Amino acid sequence: MTQPRIQLKNVTKSYGSKTVLNNLNLHLGDAEMVALLGPSGCGKSTTLKVLAGLEHSDSGEILVDGKNISKVPTRKRKMGIVFQAYSLFPHMTAKDNVGYGLRIRGTDTAARRKRAEELLELVGLSEHMDKFPVQMSGGQQQRVALARALAISPELLLLDEPLSALDAKVRSQLRDEIRRIQLSEGISTLLVTHDQEEALVMADRIGVMNAGIIEQIGTPSELYHQPKSAFISEFVGVVNRLPGILHDGHIHVLGSSLFVTNEHQFASGDTAVALVRPEEIEVNADPAGKHVVLNKQLRGIFTSVTLTGPERSPIRVDMSSRNAEALQIGEPASLRIQRDDTVIGSPTKKESESLMEYQEEIL
Ligand SMILES: Nc1ncnc2c1ncn2[C@@H]1O[C@H](COP(=O)(O)OP(=O)(O)O)[C@@H](O)[C@H]1O
Ligand SMILES: [Mg+2]
């Protein structure tokens, strides 16, 4: 492997007695976008602040092109940062906001103006260069913030939930646009988000954080299809929780015996829940089926079908809207899982109890 552009090595950070980053390791390749995804409070923003030099780690190293920059002050690190919202200087126009980083670095007025104009054009704001933040929408302000971060030609772009204050439509537009600009500029980028969809569509790799560590890092497809733990499976996407008994490295659910990929986290004979995604189950109308169609929700190209059966708790299946036309509410159906392995998690008390009740019915 070529040397990574940016590397965090064994980084630890505590606030008082609370360990927020626990021996964290992470690298970013040249022009790569890595998303840090995780629940609130897991240490995402702290990771970003340590990279930017806004916070200091207690131990560990931060390397840029192999050089340790842990002791370099923030303004000497070449990093562009975009925060959630409202971070523009209110008394400066868009153009002056974008030129700010260059001004404090001593770039002359003419060069600064030219660079600011180029970047505002890149983010589609040529018409709004002389506006103040209050005169712009939230989406426009975040574009200015992005242009400001890029103006200094940073070695690393740091984005801390840059879209979370925007409404859904603007958010998905800006998502595509940020990714397009990041690719065209070829800039290594760390995107912090708690929105799994955002991470899946934007990033080259996603690191899922939990309590100060990265629990799994990989491509969107690896995380979605081969999660290493129940936490990852449930955090990245939707799953059905299907109770069963772990036996011989397998779990028996919905008439299939599935190979358990995270068996080492459990003991044989344990009650567990297989975590199966809605699109990994096939439904067929079947007079002899053990399940009944409860509801159908047309969501566009796919339809979510809810079924009940001996398991008691409803099962969600996502299928093409065309095929869902063949299923009638109230009619029986049979289910089949379309993969032969699964990750399992710990059941709730209620899930264990319901398994005891229906086990006899399904065996
Ligand atoms: N300056 C601080 N002083 C004390 N605790 C902090 C400080 N900043 C963050 N924390 C705590 O560190 C943990 C991680 O915070 P943060 O990195 O902001 O999480 P995230 O961005 O994933 O939501 C949280 O429990 C938070 O309360
Ligand atoms: Mg945060």
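Just a yes or no: is a residue in segment 284-302 modelled with pLDDT of 95 or more, among the charged types (D, E, K, R), more than 16 Å from ligand 1 (Cβ to nearest atom) and open to solvent by less than 30 Å² (accessible area, probe 1.4 Å)? No, there is no match, as no residue in segment 284-302 is modelled with pLDDT of 95 or more, among the charged types (D, E, K, R), more than 16 Å from ligand 1 (Cβ to nearest atom) and open to solvent by less than 30 Å² (accessible area, probe 1.4 Å).
Y86 meets the conditions (1) within 16 Å of ligand 2 (Cβ to nearest atom); (2) under 22 Å from the mean Cα position of the chain (by Cα) in every case but one. The failed one is (2).
Is it the case that some residue within segment 59-74 is assigned to a helix (DSSP H, G or I), more than 14 Å from ligand 1 (Cβ to nearest atom) and open to solvent by 30 Å² or more (accessible area, probe 1.4 Å)? Taking every residue of segment 59-74 in turn, at least one turns out to be assigned to a helix (DSSP H, G or I), more than 14 Å from ligand 1 (Cβ to nearest atom) and open to solvent by 30 Å² or more (accessible area, probe 1.4 Å).
Yes/no per residue for (1) open to solvent by less than 70 Å² (accessible area, probe 1.4 Å); (2) in a strand (DSSP E or B); (3) among the β-branched types (V, I, T):
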{"position": "V317", "(1), (2), (3)": "yes, yes, yes"}
{"position": "G330", "(1), (2), (3)": "yes, no, no"}
{"position": "L335", "(1), (2), (3)": "yes, yes, no"}
{"position": "I344", "(1), (2), (3)": "yes, yes, yes"}
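Only one of the listed residues (I217, I178) is away from ligand 2 (no atom under 16 Å from the Cβ) and in contact with a Pro (Cβ under 8 Å, 6 or more places away or on another chain). That residue is I178. Looking only at residues in segment 229-239 that are buried (at least 22 other Cβ atoms within 10 Å of the Cβ) and closer than 18 Å to V253 by Cβ, the one that is nearest to the chain's Cα centre (by Cα) is S233.
Of the candidates Q173, Q226, the single residue that is within 20 Å of I337 (Cβ to Cβ) and open to solvent by 50 Å² or more (accessible area, probe 1.4 Å) is Q226.
Considering only segment 35-54, how many residues are surrounded by 17 or more Cβ atoms within 10 Å (Cβ to Cβ), within 12 Å of ligand 2 (Cβ to nearest atom) and either without any contact (Cβ under 8 Å) to a residue 12 or more places away in the chain or of a type outside the set (A, V, I, L, M, F, W, C) (or both)? Residues flagged as surrounded by 17 or more Cβ atoms within 10 Å (Cβ to Cβ), within 12 Å of ligand 2 (Cβ to nearest atom) and either without any contact (Cβ under 8 Å) to a residue 12 or more places away in the chain or of a type outside the set (A, V, I, L, M, F, W, C) (or both) within segment 35-54 amount to 7. Filtered by the rule that a residue be away from ligand 1 (no atom under 16 Å from the Cβ) and either out of contact with any Gly (no Cβ under 6 Å at 6 or more places or on another chain) or at pLDDT below 95 (or both), segment 1-30 gives M1, T2, Q3, P4, R5, I6, Q7, N25, H27, L28, G29, D30. Flag: E198 matches the condition of being within 16 Å of ligand 2 (Cβ to nearest atom), touching a residue at least 60 places away in the same chain (Cβ under 8 Å) and crowded, with 16+ Cβ neighbours inside 10 Å.
When restricted to residues that are hydrophobic (A, V, I, L, M, F, W, C) and in a strand (DSSP E or B), segment 222-249 contains 3. Looking across L190, L163, L157, one residue alone is buried (at least 19 other Cβ atoms within 10 Å of the Cβ) and more than 16 Å from ligand 2 (Cβ to nearest atom). It is L157.
Please count how many residues of segment 37-46 are within 8 Å of ligand 1 (Cβ to nearest atom) and either closer than 18 Å to I187 by Cβ or in contact with a strand residue (DSSP E or B) (Cβ under 6 Å, 6 or more places away or on another chain) (or both). Residues meeting the conditions: 6.
The values are calculated or read from the model by the stated rules, or taken from the named source; none is laboratory data. Values in this document were obtained by computation on a predicted structure and should not be read as measured data. So basically every Cβ, Gly included, is an ideal-geometry build from the backbone, and we count neighbours across all protein chains shown. Note: areas computed on protein heavy atoms with side chains; ligands, DNA, RNA excluded. Shrake-Rupley method; radii C 1.70, N 1.55, O 1.52, S 1.80 Å.
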